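Asks: The structure's right below; bear with me while I get my questions together.
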Amino acid sequence: MKVPFYDATREYKLYKEEFDRAIADVIASGAFILGKQVQEFEKAFCNYTGAKYAVGVANGSDALVIASDILEFKNGAEIITPVFTFFASTSCIARLNGKPVFCDINEDTFCMDMKDAENRITGKTKGILPVHLFLQTADMAACMELAKKNNLAVLEDAAEAFGMRTMYGGEYKHAGLIGDFGIFSFFPTKTIGGYGDGGMIITNNEELYKKATSYRTHGSLKKYHHDYIGYNSRLDTLQAAILKVKLSHIDNAIGKRAEHAAIYREMLKDITGIKLPVVKNGNKEVNYVFCIQAEKRDALEEHLKLKEIGTSVYYPVPLHLQKCFEYLGYKKGDFPVAERLCKTALALPMFPELTKDEAVYVCESIKEFYRK
Ligand SMILES: *Cc1c(COP(=O)(O)O)cnc(C)c1O
């Protein structure tokens, strides 16, 4: 048996006619830039998440840069953000000459440690950029308490967090709706992924919404009249049409992910040498990435590779040890939890069309490794 880490072709085969029709309709209409499918998808995205406003942009990284720009995470402002995440969560701050201030993560959730974040607040702190990683959101109740007490803006990197909800103010709220802005990525592997790049910015604030809409078309709402120095970053109409089809099947897809996760949890629970992910802080998880913490991780990865099982290491190097962030002055040992998890984390195959047999085979192969 051969188990891919991820495979987009299985879903395409499942709904081929719907995807083909959606793509053909865009081409036949001849309207490629901000065609009607973009607005339709934004509306459907609002319906699903409960957001008041959604702005489709070219990718999740651009969404982060645009939102950071609007919230003024720039020109020396200090922004507190976790050291264990995808690069784009931090580069958006650094690109605009803001100063990323890293904090460590919680060893159960992989998300930022809000106590550590609190200790790093100074008079120059302007914002917090929490990241909702793998299967749950950061502790948003603690995050908003810090933000309110210190008058900070909050940008939620919800790139991985489609469908995730967390208890806040007595109700479950969708990821990305608690801070000032939330951003999403439609990179193909994400819970809702396109057939190319795509991203979304959501907010409940009308003024921020208007700015985001303007920023994605060179800071202009009226053609050739520019209020801001913006960007050229729009969600592609073809991608919007594809994503609309995906959104119509998303609850089924999220349910399938949960079934695979249940198999992993059941079959791996008694293996010493493995720690399963823990869901905390009143989260309703979505199994975007199923990441175990494994002793002898590299040898396990090699063993699974020989069995033709795809895995992935998120993330091998914490951001404070990346060459491009040397100028921030951090050193090895500064973030012990993140540094440890970079050596033990291993993501297992997880996508809706994975089969039960495949999930079982992954677990048996892991068991075999630790029996040796
Ligand atoms: C995927 C991802 C991004 C970037 O999204 P792109 O659409 O690939 O630009 C940002 N932050 C996190 C945490 C991500 O996982």
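Asks: Provide the three semi-axes, in whole Å and in decreasing order, of the ellipsoid equivalent to region 179-276 as defined by the square roots of 5 times the Cα gyration tensor eigenvalues.
Replies: Working from the Cα gyration tensor, I get semi-axes of 38, 16, 11 Å.
Asks: Same structure again: How big is the chain in terms of Cα radius of gyration and Dmax, in angstroms?
Replies: When restricted to the Cα atoms of the chain, Rg and Dmax are 20.6, 68 Å.
Asks: Could you check the spin-label model distance between Val317 and Arg340? Points 7 Å from the Cα along Cα→Cβ, value in nm.
Replies: Spacing of the two 7 Å Cα→Cβ label points: 2.3 nm.
Asks: List Phe186, Phe369 from most exposed to least, where exposure is judged by having the fewest other Cβ atoms within 10 Å.
Replies: Listing Phe186, Phe369 from fewest to most nearby Cβ atoms yields Phe369, Phe186.
Asks: Using the Karplus curve 6.51 cos²θ - 1.76 cosθ + 1.60 with θ = phi - 60°, what ³J(HN,Hα) values do you get for each residue of region 310-315, in whole Hz, with x for Gly and Pro?
Replies: x, 9, 8, 9, 10, 10
Asks: Also: What ranking of Ile27, Ile66, Ile254 emerges when the number of other C-beta atoms within 10 Å of each C-beta is taken as an exposure proxy, fewest first?
Replies: Going from sparsest to densest Cβ surroundings: Ile27, Ile254, Ile66.
Asks: How big is the equivalent ellipsoid of region 244-308 along its three axes, where each semi-axis is √(5λ) from the Cα gyration tensor, reported in whole Å from largest to smallest?
Replies: Calculated on Cα positions only, the semi-axes equal 26, 16, 10 Å.
Asks: Enumerate the calculated ³J(HN,Hα) couplings along region 59-67 in order (Karplus 6.51 cos²θ - 1.76 cosθ + 1.60, θ = phi - 60°), each rounded to whole Hz, writing x wherever the residue is Gly or Pro.
Replies: 6, x, 5, 5, 4, 5, 5, 5, 5
Asks: Where the only charges are on Cβ atoms (+1 Lys, Arg; -1 Asp, Glu), what is the dipole of the chain about its Cα centre, to the nearest 20 debye?
Replies: That gives the chain a dipole magnitude of about 320 debye.
Asks: How many times 2.2 N^0.38 Å is the alpha carbon radius of gyration of region 37-138?
Replies: 1.17
Asks: Then there is this: Multiply the residue gap between Val278 and Asn204 by 0.36 nm, knock off their C-alpha separation, and tell me the result in nm, one decimal place.
Replies: Full extension from Val278 to Asn204 adds 23.6 nm.
Asks: Among Asp116, Asp25, which comes first, second and so on when ranked by fewest other beta-carbon atoms within 10 Å?
Replies: Asp25, Asp116
Asks: With the dipole of the chain worked out from charges on the C-beta (+1 for Lys and Arg, -1 for Asp and Glu) around the Cα centre, which of Pro4, Ser214, Phe102 lies farthest toward the positive end?
Replies: Ranked along the dipole, the leading option is Ser214.
Asks: Right, another one. Each residue of region 118-131 in turn: what ³J(HN,Hα) in whole Hz from Karplus with 6.51, -1.76, 1.60 and θ = phi - 60°, glycine and Pro shown as x?
Replies: Once rounded to whole Hz, the list reads 4, 5, 9, 6, 10, x, 9, 5, 10, x, 10, 10, x, 10.
Asks: Oh, and also: Kindly state, to the nearest 0.05, the FRET efficiency for Asp108 paired with Tyr172, given R0 = 22 Å and r defined as their beta-carbon distance.
Replies: 0.60
Asks: Amide H of Phe5 versus every other amide H placed in the peptide plane: which residues, excluding those fewer than 5 positions away on the same chain, fall under 5 Å?
Replies: Long-range HN contacts for Phe5: Gly310.
Asks: What residue among Gly282, Gly333, Gly196 has the largest mean-square fluctuation in a Gaussian network model of the chain, using Cα springs under 10 Å?
Replies: Gly333
Asks: For region 222-372, what size does the Cα cloud have along each of its three principal axes, sorted from largest down, in whole Å?
Replies: So the extents along the principal axes, rounded to whole Å, are 68, 47, 35.
Asks: What fraction of the DSSP beta bridges in the chain is antiparallel, stated in percent and rounded to the nearest 5?
Replies: Rounded to the nearest five, the antiparallel share is 60 percent.
Asks: Can I ask one more? For Cys103, list long-range residues whose amide hydrogen, built 1.01 Å from N in the peptide plane, is under 5 Å from its own amide hydrogen.
Replies: Placed amide hydrogens put Thr81, Val83 under 5 Å from Cys103.
The numbers here are math on the coordinates, done by the rules we state, and not lab data. Source: prediction; values computed, not measured. Here Cβ is always computed from backbone atoms with ideal geometry, including for glycine, and neighbour counts include all displayed protein chains.
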